[in-house]
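Taken together, the values in this text are just the output of simple stated rules run on the coordinates, not laboratory data. Computed from a predicted model, the values in this text were never measured in an experiment. Reconstructed Cβ throughout: ideal geometry from the backbone, glycine too, with neighbour counts over all protein chains shown.
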Amino acid sequence: MAHILHIETASVTCSVAISSNEKLLAIRESYVDKSHAALVTVFIQELFEETGLKPSDLDAISVSMGPGSYTGLRIGVSTAKGLAYGLAKPLIAVNTLKAMAWGLVNSPELDHIDLVNDFYLSPMIDARRMEVYTSLFDKELRSIKEISAEIIDEKSFQAFMDKKPVFFFGNGAEKCEAIIQHKNAMFIPGFHNSSKYMVSLAYESYRLKKFEDVAYFEPFYLKDFIATSPKNKILGTFFSGK
């Protein structure tokens, strides 16, 4: 059994999970903005306590790689890298937008989507003002459009919507609903990023031994950021569980 710790901090959501192969064992989540630094290591410790696992029992660390919030990604990736290095475990990077697309297709609470008909998936993460981080996938999660920072207007995605329905979801989609008025624009409300959507994708990477270089891996920020004083105080006493 491969025990993998999953960390998702690319958006407002702070989410941490532990899985065994593709089975979710436990999860902790918060949707409070800017809570990542305060909660991520607390959640990790709580998951160890709930599952009875020790840090040394992990087989890999999985982290949402972006795009998304600069600060959120920095906190999540630095936590994951610290654990991977300190525990001598492999690091797995999961494409944030692809994990969102996987979640929309596979979540039981979203089973109202008709998977028989053809469609595109457009996960969106808020990038402030009328800009979003987004990509486009088909129903098999194959990439149709490269990841980009898009300024949304009434013609956005029109060429794709002329062909088939496009499902827009994520915290970036909410502000686009009033602008994209095409008949094939389908908006899914209430969708949150979650570490549970990373489980299958991370396990596949683990099985194929697709690991990152812990020393050199960086999040996919997509855009430059004007740095502020870091508030991140992470990595407490996890290594004592070796």
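Mind pulling the angle between the C-alpha long axis of helix 96-106 and the longest principal axis of the chain? Nearest 10 degrees, somewhere in 0 to 90.
70
Just rank S107, S122, fewest to most, by other beta-carbon atoms within 10 angstrom.
On the way: S107 14, S122 33.
In increasing order of surrounding Cβ atoms, one gets S107, S122.
Past the 24 Å Cα-Cα mark, which pairs from K155/K196; K34/K145; K89/K145; K81/K196; K139/K196; K34/K183?
Working: K155/K196 33 Å; K34/K145 30 Å; K89/K145 33 Å; K81/K196 19 Å; K139/K196 19 Å; K34/K183 36 Å.
Long pairs (Cα-Cα over 24 Å): K155/K196; K34/K145; K89/K145; K34/K183.
Just Y216, Y120, Y203 to compare: in a GNM of the chain, with alpha carbon springs under 10 Å, which one fluctuates most?
Of Y216, Y120, Y203, the Gaussian network model singles out Y216 as fluctuating most.
If you build the Cα gyration tensor of the range 97-188 and take the root of 5 times each eigenvalue, what three semi-axes come out, in whole angstrom, biggest first?
On the way: eigenvalues 71, 41, 31 Å².
Here the semi-axes work out to 19, 14, 12 Å.
Output the 0 to 90 degree angle, nearest 10, between the alpha-carbon long axis of helix 36-51 and the longest principal axis computed from the alpha carbons of the chain.
60
Sorting V40, V105 on the 10 Å Cβ count, fewest up front, what's the list?
Ordered by Cβ neighbours within 10 Å, fewest first: V105, V40.
Counting only DSSP beta bridges with both residues in the chain, what percent are antiparallel, rounded to the nearest 5? Intermediate values should be presented prior to the final figure.
Numbers: 25 of 41 bridges.
Of the beta bridges lying entirely in the chain, close to 60 percent run antiparallel.
Let me understand the chain better: what is its radius of gyration from the alpha carbons, and its Dmax, in angstrom?
17.8, 57
Just want to confirm a number: the relative contact order over the range 97-188, from Cα pairs under 8 angstrom separated by 6+ residues, in percent. Numbers along the way, then the final one.
On the way: 161 pairs, mean separation 25.2, N = 92.
Taking the mean separation of contacting Cα pairs over the length of the range 97-188, I get 27 percent.
With n ≥ 4 as the cut-off for DSSP H runs, can you work out [θ] at 222 nm for the chain, using -39500 (n - 2.57) per run divided by the number of residues, rounded to the nearest 500?
On the way: 5 runs with 58 residues, N = 242.
Mean residue ellipticity, 222 nm, calculated: -7500 deg cm²/dmol.
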